[in-house]
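The values are calculated or read from the model by the stated rules, or taken from the named source; none is laboratory data. Everything quoted here is computed from the prediction, not taken from an experiment. Backbone-built Cβ (ideal geometry, glycine too); neighbour counts: all protein chains shown. Quick note on the areas: whole protein, heavy atoms, side chains included, nothing else; ligands and nucleic acids left out. Shrake-Rupley method; radii C 1.70, N 1.55, O 1.52, S 1.80 Å.
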Amino acid sequence: MANELYRGKLLNISDLSIHFFIEEGTVHAVNGLNIALAPGETIGLVGETGAGKTTTALGIMRLVQSPPGMVVEGKIEFEGRDLLEISEAEMRKVRGSKISMIFQDPMTSLNPTIPVRDQIAEVVLLHENVSAQQALFKAEEMLEKVGIRKERSREYPHQFSGGMRQRVGIAIALACNPALLISDEPTTALDVTIQAQVLELMKDLKVEFNTAMIMITHDLGIVAEICDKVAIMYAGSVVETADKYELFKNPKHPYTIGLFNSLPDIEKDEDRLVPIKGLMPDPMNLPPGCPFHPRCDRAMPQCSEIVPENTEVADGHVVRCLLYEAEHNKEKGV
Amino acid sequence: MSVLLEVKNLKKYFKTKRGPLHAVDGIDFKINKGETLGLVGESGCGKSTTGRVVLRLIEATDGEVFFEGEDVLKFSKPQMRKFRENAQFVFQDPFASLNPRMSVSEIIAEPLIINKKAANKQELIKRVRELMGIVGLAEALENVYPHELDGGRRQRIGIARALALNPQFIVQDEPVSALDVSIQAQVLNLMEDLQKEFGLTYLFISHDLGVIKHMSNNIAVMYLGKIVEMSDYKSMFADPQHPYTKALLSAIPVPDPEIKRERIILEGDVPSPISPPPGCRFYGRCFARMDECKDVDPVLTEIYPGKLVACHLCKKDG
């Protein structure tokens, strides 16, 4: 099946579903998600609030709170092992060393009572066979790498600005040279000029450390800037994925096209925005068939009945939409 | 075109333990009737404070705010009441700006009741339903509470409440920054429709340059309490003059991987507004600074018709 398309070398998530079982019902946060990533490659995970981006990230790290959350189906193969099969002790060795994460809010993700240097050293001490002295040395080295002078290494998070704090977060995440970095909206809390600084830094470090990255964002501009591939998420599944250039030039899924039309374009002088009608569906009560069909301009009668499969419309460009499924099958003579 | 709002040398200092914080430090602008002035800048530049001072939600330290020729800052209490019917505010956070204990219809009815705009209950209900229709809220939502609604619908309630008294002027303080893009576009379109329909004048505050460009006739860029550049929206994007505007524009990630732009990366962070540097406030981060900039604060000057810049680099005849 389409799974072959997703054969990455480093990370291969197939048919991942994460649900939350709460009193009011079942929240279908992630539904049959497929993502693949090669070493050093960056994928942008794009979607709106509630699309399941962060739950996916936490799922990969095995940090989904359980109960109420549960991975009900799927595989997360990382460097050949299924992360869902290994023991908690083994998972601890992966977290922070092989896979690490940068969080959205640099104020709440750092410990306010510990100097930044020690927070970086903590990761190094945990995962590498070094002395405390060496770990601190490494921490200072990392701070310099992210553009913070050594002299400031004994300061506390509150003494830094938002942009600097996010730099500390990046230093912690990269301290053990992880193979995969998950960045969850790393610049959303920052101003544009500071965002530009941080993105530039991440671009450089990504190359230097050859780290693969999952960049979670709602900003298509950031994707264009920093990613190699894009996966567009809607209501817990990837509705379209392609190489960055292909996706921006040739978006196929009506939701992707809707997202582009919703954005005010600073290059053009448009009169009116074309929003997507309606609202995000309730994840406890997803519409049958394609979850996007109630908001879709091109919905057909069968869209409310059949869940679309992945269709490869061009090399590496996969869309989950009945519009293309039919076309594709016709071409293939199915 | 007549001027509806004119702000002259407006200042707002906040007292702090470490000395006065210069949130807004002597700004001037005009907004024509039926037009939108976009106020853009990064956190802490004083854009929200400006909006609040103009409507006297907080009191100005110095300056004048003329609304249809009268100085709002000198208004007595009864005059203020009249003025507030004419000038309304839409807040950034649709979660915090609505009373969670009031239903949708109660929230929208409140300004009508306070200002005695309805003769009887029937009239009140009729007007509330009319307002809900105008902003696109289904009548069925009358008795639900804000927590039952998503951000986009909540912001529509905030807009309906602002429209209730038929104002001429609305300060929109980051009205769509808490919303997802697909919902954001719906709300922006609504605001444009309302502006056309009711001839509204907006002061539109945002940090998002794309949104600002889409909404505004004129744009003012603020940095540390001062306006550094002001012009119509087209020339702001086609011909930015101030180094800060240039850096700000180049910093926006463009959703098109084919476009490769020269990016200006600014050094450092915004300095503290408590003791701003004596000369140009942008001096420390500017890539084109000169000796002169360190001591002499540049004045906002018209360098060609309609283009105002506060920078020593941009002189009238150069």
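Restricting to bridges with both residues inside the stretch B:3-309, how much of the DSSP beta-bridge set is antiparallel, in percent to the nearest 5? Walk me through the numbers on the way to the answer.
Numbers: 27 of 45 bridges.
Counting only bridges with both partners in the stretch B:3-309, antiparallel ones make up about 60 percent.
Return the aspartates and glutamates within reach of B:K121: Cα separation strictly under 13 angstrom, same-chain partners fewer than 8 residues apart disregarded; answer none if there are no such residues. Output for B:K121: B:E106, B:E110.
Placing unit charges on each Cβ (+1 for Lys and Arg, -1 for Asp and Glu) gives the stretch A:65-164 a dipole about its Cα centre, and among A:A121, A:L110, A:Q159 the Cα reaching farthest toward its positive end belongs to A:Q159. Label separation (B:E130 vs A:E208): 6.4 nm, computed from points 7 Å beyond Cα along the C-beta direction. Secondary structure note: in the protein assembly as shown, about 60% of the DSSP beta bridges are antiparallel. What FRET efficiency, computed as 1/(1 + (r/R0)^6) with R0 = 30 Å and r the Cβ-Cβ distance, is obtained for A:F137 and A:A89, rounded to the nearest 0.05? The value I calculate is 0.60.
Rolling a 1.4 Å probe over the heavy atoms of the protein chains gives the stretch B:3-309 an accessible area of 43 Å² per residue.
State the percentage of accessible surface on the stretch B:3-309 attributable to carbon and sulfur atoms; use a 1.4 Å probe and exclude ligands, DNA and RNA. Write out the running numbers ahead of the final one.
Values: 6760 of 13300 Å².
Roughly 51 percent, rounded to a whole number.
For the stretch B:14-29, putting each phi into the Karplus relation 6.51 cos²θ - 1.76 cosθ + 1.60 with θ = phi - 60° gives couplings of 9, 6, 9, 4, 8, x, x, 9, 7, 6, 10, 10, x, 10, 10, 7 Hz, in residue order, rounded to whole numbers and with x for Gly and Pro. Among beta bridges from DSSP that stay inside the stretch A:178-334, the antiparallel ones total about 70%. Between the stretch A:26-68 and the stretch B:125-196, what is the separation of their alpha carbon centroids in Å? Between the Cα centre of the stretch A:26-68 and that of the stretch B:125-196, the gap is 32 Å. Place a label point 7 angstrom from the Cα of A:D105 along the Cα-to-Cβ direction, then list the residues of the stretch A:148-166 whose backbone nitrogen is under 19 Å away. Correct set: A:157-166. Per-residue Karplus couplings for the stretch A:48-59, computed as 6.51 cos²θ - 1.76 cosθ + 1.60 with θ equal to phi - 60°, are listed in order as 8, 3, x, 6, x, 5, 5, 4, 4, 4, 5, x Hz, Gly and Pro entered as x. Summarising the amide proton neighbourhood of B:V171: residues at separation of 5 or more, or on other chains, whose placed amide H is nearer than 5 Å comprise B:Q88, B:F89, B:V90, B:L203.
Averaged over the residues of peptide B:202-209, the number of Cβ atoms from other protein chains lying within 10 Å of each residue's Cβ is 1. For the pair the stretch B:208-276 and the stretch B:7-62, the centres of their Cα atoms are 18 angstrom apart.
Counting only other chain Cβ atoms within 10 Å of each residue's Cβ, the peptide B:245-251 averages 3.
Please work out whether chain B counts as rounded, prolate or oblate from its C-alpha gyration tensor, where a ≥ b ≥ c are the square roots of the eigenvalues and a/c under 1.5 means rounded, while otherwise a/b larger than b/c means prolate and anything else oblate?
Values: a/c = 2.05, a/b = 1.63, b/c = 1.26.
It is prolate, given that a/c is not under 1.5 and a/b is the larger ratio.
Using a Gaussian network model of chain A in which every pair of alpha carbons under 10 angstrom is joined by a spring, one finds that among A:Q166, A:Q134, A:Q119 the greatest mean-square fluctuation is at A:Q134.
Rounded to the nearest 20 debye, the dipole size of chain A about its Cα centre is 600 debye, using +1 on the Cβ of Lys and Arg and -1 on the Cβ of Asp and Glu.
Once you order the gyration tensor axes a ≥ b ≥ c over the Cα atoms, which shape class does the protein assembly as shown get: rounded for a/c under 1.5, otherwise prolate or oblate by comparing a/b with b/c? Oblate, since a/c reaches 1.5 and b/c is not below a/b. Model label sites at B:E258 and B:I58, defined 7 Å from Cα along the beta-carbon direction, differ in position by 4.6 nm. Grab the other residues whose beta carbon is less than 13 angstrom from that of B:L179, score K and R as +1, D and E as -1, and report the net. Result for the local shell: -3.
Remark: accessible area buried at the B-A interface is about 3500 Å², both chains counted, probe radius 1.4 Å. One chain, two ends: A:R149 and A:E79. Fully extended at 0.36 nm per residue, the span grows by 21.7 nm beyond their Cα-Cα distance. The stretch A:253-305 and the stretch A:137-197 have Cα centres spaced 36 Å apart.
The residues of the stretch A:179-334 expose on average 42 square angstrom of accessible surface per residue, using a 1.4 Å probe on protein heavy atoms. Helix A:322-332 and the long axis of chain A differ in direction by around 70°, with both axes built from C-alpha atoms.
At a threshold of 40 Å², the residues of the stretch A:21-55 that become less accessible to a 1.4 Å probe in the full protein assembly than in their chain on its own are A:E48. Amide hydrogen proximity for B:V24: with H placed 1.01 Å from N in the peptide plane, the residues at 5 or more positions away or on another chain lying under 5 Å are B:K12.
Determine which aspartates and glutamates satisfy two conditions relative to B:K12: a Cα distance under 15 Å, and not lying fewer than 8 residues away in the same chain. Within the straight-line cut-off, B:K12 pairs with B:D25, B:D28, B:E59, B:D62, B:E64. The calculated FRET efficiency for the pair A:N329 and B:Y304, based on their C-beta separation and a Förster distance of 51 Å, comes to about 0.25. Straight-line reach from B:K117: taking Cα to Cα under 13 Å and skipping same-chain neighbours fewer than 8 places apart, the aspartates and glutamates in range are B:E85.
Rounded to the nearest 500, what is the protein assembly as shown's calculated 222 nm mean residue ellipticity when only DSSP H runs of at least 4 contribute -39500 (n - 2.57) each, over all residues?
Values: 20 runs with 206 residues, N = 652.
Taken over the protein assembly as shown, the calculation gives -9500 deg cm²/dmol.
Quote the FRET efficiency, to the nearest 0.05, computed for B:K33 versus A:E200 with a Förster distance R0 of 56 Å and r equal to the Cβ-Cβ distance. Working shown, then result.
Numbers: r = 43 Å, r/R0 = 0.77.
So the FRET efficiency works out to roughly 0.80.
Model label points for A:H158 and B:A140, set 7 angstrom from Cα along the Cα-to-Cβ axis, are 4.9 nm apart. Of the residues A:F103, A:F20, the one with the largest accessible area comes first in the ranking A:F103, A:F20, computed with a 1.4 Å probe on protein heavy atoms. The mean sequence separation of alpha-carbon pairs under 8 Å and at least six residues apart, normalised by the residue count of the stretch B:1-60, gives a relative contact order of 34 percent. Other protein chain C-beta atoms within 10 Å of residue C-beta, averaged over B:174-184: 5. Phi angles of the stretch A:255-260 translate, via the Karplus equation with coefficients 6.51, -1.76, 1.60 and θ = phi - 60°, into HN-Hα couplings of 5, 4, 4, x, 4, 4 Hz per residue; Gly and Pro are given as x.
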